[in-house]
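Working notes, structure below.
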Amino acid sequence: MRHRTFGRAAGAVALAVLVAGCGIRTTSVPVDAGAAPSRVPCTTAEDGTTGTATGGVPVRVFLVCGSQLETVDRRSPLPEGKDDADPVRTARLLLAQLLAAPSENERRAGFTTAVRGPLTVKSGRRDDPVGALRLSRQPEDLTPVALSQVVCSFAESSAGAGDRTVLLGGPGPYAPKRYRCTAELRERPESAPPTAPPPTASASASGPVPGSSPAAPTG
């Protein structure tokens with residue numbers, strides 16, 4: 001009888017050691033792993049007005065939220081009537097908004113900006129294509145996310161060159177590039193913004209005029 005009782009006790013001890021060795025919890029107390037992570041809303045309850053601009057004109061910039069680029073509506077410090085089609089004025093206004101810290105509502109919604117100063121923008125040089133803009137730093141020297149923000153904010157405004165593109169250069173002797181704001185770039189702003197060939201001059205003065213007959217050979 002004693003041998004049988006001892007055998008049962010030894011078997012129970014061996015089973016407990018085996019269960020513990022397999023990593024199985026022997027306690028029946030439930031474990032609270034916490035709430036599941038929630039997605040950032042990427043929407044604000046009200047416009048993301050920054051600074052003290054209570055008037056002005058509405059503008060739209062691209063900020064980072066949830067590892068993507070999302071648009072945010074703000075109001076510029078410019079008075080009404082000053083939002084003309086001047087691409088340089090528009091670019092300066094948008095760049096100032098990108099450099100500004102997100103408002104409290106924007107931060108709560110998960111918005112951030114990767115654009116850091118000092119950074120300015122001005123019109124292109126005399127030999128640049130029409131509508132070109134020049135940053136105070138080479139576009140390639142910006143982080144990919146910051147450049148994506150600048151490209152999409154400019155390209156989707158009157159500062160762009162049309163077709164969701166912007167002609168952008170830097171202070172160096174390099175020609176401006178035509179950057180595109182695509183859906184893929186907005187989804188993955190850490191990638192390099194795609195480029196396209198810059199616009200060429202319209203027809204050469206010596207070239208044939210579209211729709212005209214070719215010149216008769218001479219001699």
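The values are calculated or read from the model by the stated rules, or taken from the named source; none is laboratory data. This is a predicted model, so every value here is computed, not measured. Note that each Cβ is placed from the backbone with ideal geometry, even for glycine, and that neighbours are counted across all protein chains shown. Side chains are part of the model used for accessible areas, which takes the heavy atoms of the whole protein and leaves out ligands, DNA and RNA. Shrake-Rupley method; radii C 1.70, N 1.55, O 1.52, S 1.80 Å.
Okay, here's what the table says:
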{"quantity": "S148 being modelled with pLDDT of 95 or more, surrounded by 16 or more Cβ atoms within 10 Å (Cβ to Cβ) and of a type in the set (S, T, Y)", "calculated": "yes"}
{"quantity": "Filtered residue count, segment 131-144, keeping only those that are touching a residue at least 40 places away in the same chain (Cβ under 8 Å) and open to solvent by 20 Å² or more (accessible area, probe 1.4 Å)", "calculated": "2"}
{"quantity": "All strands (runs of 3 or more DSSP E) inside segment 97-192 with 3 or more residues being within 18 Å of the chain's Cα centre (by Cα) and under 20 Å from V72 (Cα atoms)", "calculated": "none"}
{"quantity": "Criterion (modelled with pLDDT under 95, touching a Cys at 6+ places or on another chain (Cβ under 8 Å) and open to solvent by less than 80 Å² (accessible area, probe 1.4 Å)) met by exactly one of G117, G66, G81, G172", "calculated": "G66"}
